[in-house]
1. What are the pairs with Cβ atoms under 7 angstrom where one residue, in region 193-222, is of a type in the set (Ser, Thr, Tyr) and the other, located anywhere, is modelled with pLDDT of 85 or more and in a loop (DSSP other than H, G, I, E, B)? Sequence gap at least six, or different chains.
2. Restricting to region 28-77, and then to whatever is without any contact (Cβ under 8 Å) to a residue 24 or more places away in the chain and in a strand (DSSP E or B), can you tell me which residue is farthest from Asp120 (Cα to Cα)?
3. Residue under question is Ala113, and the condition is that it be surrounded by 15 or more Cβ atoms within 10 Å (Cβ to Cβ) and out of contact with any Pro (no Cβ under 6 Å at 6 or more places or on another chain); does it hold?
4. Identify the single condition in (1) in contact with an Asp or Glu (Cβ under 6 Å, 6 or more places away or on another chain); (2) crowded, with 16+ Cβ neighbours inside 10 Å; (3) over 28 Å from Ala113 (Cα atoms) that Thr59 does not satisfy, given that it satisfies every other one.
5. For region 28-47, enumerate the residues that are more than 16 Å from Phe88 (Cβ to Cβ) and within 17 Å of the chain's Cα centre (by Cα).
Amino acid sequence: IQYDFNNHIFQAGLNVGINYNGVTGNFPSELYMDPVNWHVYIGTPLTRGNLTVLGVNATSYFMVGTQMLPTPLSGSRDAAALASAQGFACGAELYVVTDKEYGLLGFTVYGYANFTMGFDVMMTKGVTCANGYAASGINGWYLRGNVYASFNAAVGIKRKKLDVNILTFSASAQVYAELMDPSYVCGYLDCNYSILAGSISGSFNYDFQQGTACIGGCTQSN
């Protein structure tokens, strides 16, 4: 805890750690107040709070005040403007990974899978779009949101120098929105598979967009 009496600046930080019965985590936080600006951070996009339970990993951040940090929703144009922007932002991500091997009739059957899902939400005031247009929003407040997920898996069999990939599968999806005035929404779904080391393979891709983008957009799928 610090207080600057000359400039009337109050700043406090707290770091909470967890390590109990296989549950581990860490949550950094910061409170800042001066005569003009203030903010509360409970994790940031670059230094997220994290929690691990039974191999499931989760991270998160929350920010509110008049000094915002860039988030995954920030465009390069408005990253500097966020330093004096009023608003809030939050996000979370869940990540699960597994990697197993089993013996079967002298062969080793192996497989792995990982799954990720998350979201980001940001609402700020006084947003200027990439084309110079001032976003009206709702009473000046402009909302951006992002939801995403991905899944990857593979199964194979090996013995000595033999290693055959039986199945590989991957999928990813995203929906991104900006509201309101201008309003914009986009999304995509990608799926890819390969059987017997590529002997049979295929993919499915779908994307959409509607409206006029202000700052961001969907991450281009592969």
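The values are calculated or read from the model by the stated rules, or taken from the named source; none is laboratory data. This is a predicted model, so every value here is computed, not measured. Every residue, glycine among them, receives a Cβ derived from its backbone with ideal geometry; neighbour counts consider all protein chains shown.
1. Short answer, once both residue conditions are applied: Thr212/Pro182.
2. Applying the filter and picking the extreme gives Leu31.
3. On the way: surrounded by 15 or more Cβ atoms within 10 Å (Cβ to Cβ): yes; out of contact with any Pro (no Cβ under 6 Å at 6 or more places or on another chain): yes.
Taking the combined requirement at face value, the residue satisfies it.
4. With respect to (1) in contact with an Asp or Glu (Cβ under 6 Å, 6 or more places away or on another chain); (2) crowded, with 16+ Cβ neighbours inside 10 Å; (3) over 28 Å from Ala113 (Cα atoms), Thr59 is out only on (3).
5. Leu46, Thr47
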